[in-house]
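See structure below.
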Amino acid sequence: MLDLKFIREQPEKIRTAVRLKNEKAELDAILSLDEKRRTVLFEVETLKHRQKEESRRIGLLKAQGKDLQKEYAELKELSLKIKQLDTEASMVSGSLQEKLLTIPNLPHESVPEGRDSSDNVLVREWGKKREFSFQPVPHWETGEALHLLNFKQASKISGTGFVVFEGKGALLQRAVLRFMLDLHIKKHNYNEVSPPFIVNRKAMTGTGQLPKLEDDMYHAEVDDLFLIPTAEVPVTNLYADEILNEEDLPIKRVSCTACFRREAGSYGKDTRGIIRLHQFDKVELVKIVKPEDSYQELELLLGEAETVLKKLQLPYRVCLLSSGDMSFAAAKCYDIEVWAPAQAKFLEVSSCSNFEAFQARRANIRYRRSNGKLDYVHTLNGSGLALPRLLVAIMETFQEEDGSLKIPDVLVPYMDGQESINPD
């Protein structure tokens, strides 16, 4: 959420941001409601001052033995008017708050203008793409041939868009997750947290998923609770409505959770294999930092996520997202895309974003500076990394001509020393 005073004073900047992000926001209605709210509040304060003065005057007249029937009637009418205006102010404030949630975050000045992903800027590439002496097969063929992935059983119990990892596939899944957690905890100094996978509406609103993305969420209507689309939601909201100390920043938390997304509007895209699933595991990195440090912390966060791919020896590229391809809440975002050789394309495995104070203002996360002043923190998060597409890259990059799958060196200790997965 943006500061209302800033919106009031810089409406053209807001209009530009809405346009650059391909969003829709009722800015004129917001400005009108803001003006009405301030007018009503001013009237309420004026009447309350008058009420106070009248009460004081009545007290003096009562001491003189005056007949106060008329004064009491006027005071009662004044109290009723104040109550009505308080109700009106509350309704206007509610409508204003609702519409403020539709305004996206402003893109940082370093973000390239653009309509969609075609306007993203390539920042760098790393690693050499493997040259095969045979025709590599897609991950779903390797996964089924080696009994790592079972789509038929997943479809039987849950429908399309789900997978069962079985046997060595389940071991590989667990090995990759453990490797990433150990890397971020032991090398990058993140503190692990294991949050609930179900959160309330307030938490989803705090990080910006609601109201915009509600159709893409799994919603338990009876309890008005949501399955988390990413650990960003519960982990960031651990600090909602709190005042942190400056000396405690930055806060670095890592979490491995299942993520749930309906993928509304994406039907027909990436229907084969595990590129696009309704449920998937992800290691998430969350940072809560001082505003003046947030862009330096974003670059560090990006590097920490890249380290996973470097240690796995998987070629990848980093792209700076254009304004039109960024998320609703982000001020700046990098995507990390890993190379999938059998499909001859890059797949996104991480988005590293700086939200500045946008989420903090919605979730009311503040900190007290050393001079005593309260300020909103800046929040950042990035996947470190998302599991399914990372497994796609591993299965397609390390496959052998005999149908076996070589295990990346850094994963061998997590695979009980097993260096390859071989056909039966």
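The values are calculated or read from the model by the stated rules, or taken from the named source; none is laboratory data. Given the structure is predicted, the values throughout are model-derived calculations rather than measurements. Using ideal geometry, Cβ is built from the backbone for each residue, glycine included, and neighbour counts are taken over all protein chains shown. Quick note on the areas: whole protein, heavy atoms, side chains included, nothing else; ligands and nucleic acids left out. Shrake-Rupley method; radii C 1.70, N 1.55, O 1.52, S 1.80 Å.
Counting heavy atoms of the protein chains alone, residue 395 has an accessible area of about 0 Å² for a 1.4 Å probe.
Give, as ranges by residue number, the residues of region 200-218 whose backbone N falls under 20 Å from the point 7 Å along Cα→Cβ of residue 23. Residues passing the 20 Å test: 201-217. Listed by chain and number, the lysines placed with their C-alpha closer than 20 angstrom to that of residue 48 are 36, 70, 76, 81, 83; residues fewer than eight positions away on the same chain are left out.
Taking 0.36 nm per residue of separation and subtracting the Cα-Cα distance, full extension of the segment from residue 296 to residue 412 would add 38.4 nm. Note on the chain: along the principal axes its Cα atoms extend 107, 44, 39 Å, ordered by decreasing extent.
Rolling a 1.4 Å probe over the protein heavy atoms of the chain, with every protein chain left in place, gives an accessible area that is 48 percent carbon and sulfur.
Using a Förster distance of 60 Å, how high is the FRET efficiency between residue 307 and residue 87, based on the Cβ-Cβ distance and rounded to 0.05?
Numbers: r = 56 Å, r/R0 = 0.93.
According to the calculation, E is roughly 0.60.
When the chain is treated as a Gaussian network with alpha carbon springs shorter than 10 Å, the biggest mean-square fluctuation among 24, 287, 76 belongs to 76.
Per the Debye formula on identical point scatterers at the alpha carbon atoms of region 1-118, with no solvent, log10 I(q)/I(0) at q = 0.23 Å⁻¹ is -1.20. Here the gap between residue 243 and residue 31, fully extended at 0.36 nm per residue and compared with their Cα-Cα distance, gives a gain of 73.4 nm. Put simply, the C-alpha atoms of region 75-114 give a gyration tensor, and the ellipsoid matching it has half-axes of 42, 8, 4 Å, longest first.
Of interest is the spacing of the C-alpha centroids, which for region 56-105 and region 370-417 amounts to 59 Å. Extension gain, residue 220 to residue 46: 0.36 nm times the residue separation minus the Cα-Cα distance gives 58.1 nm.
Looking at region 185-295, what % of the alpha carbon pairs are farther apart than 16 Å? Let's see the in-between values first.
Values: 3939 of 6105 pairs.
For region 185-295, the share of Cα pairs beyond 16 Å comes to 65 percent.
So what is the 222 nm mean residue ellipticity for the chain from helices alone, if each DSSP H run of at least 4 adds -39500 (n - 2.57) and you divide by all residues, rounding to the nearest 500 deg cm²/dmol? Walk me through the intermediate numbers first.
Values: 12 runs with 163 residues, N = 424.
After summing the helix terms and dividing by residue count, I get -12500 deg cm²/dmol.
Near the amide H of residue 262, within less than 5 Å, lie the amide hydrogens of 217, 218, all on another chain or at least 5 residues away, with H placed in the peptide plane.
Is the C-alpha gyration tensor of region 337-393 telling us rounded, prolate or oblate? Criteria: a/c under 1.5 is rounded; beyond that, a/b larger than b/c is prolate, otherwise oblate. Prolate shape, in that a/c is at least 1.5 and a/b is the bigger ratio. Helix 168-182 axis versus longest C-alpha principal axis of the chain: approximately 50°, rounded to the nearest ten.
What does the C-alpha gyration tensor say about the overall shape of region 153-243? Classify as rounded when a/c is under 1.5, otherwise prolate if a/b is larger than b/c, or oblate.
Details: a/c = 2.90, a/b = 1.13, b/c = 2.57.
Judged from the Cα gyration tensor, region 153-243 comes out oblate (a/c at least 1.5, b/c at or above a/b).
Remark on residue 350: its backbone amide H falls under 5 Å from those of 336, a criterion applied only to residues 5 or more positions apart or on other chains, H modelled at 1.01 Å from N. In the context of the full set of protein chains, region 359-422 has a per residue accessible area of 37 Å² (1.4 Å probe).
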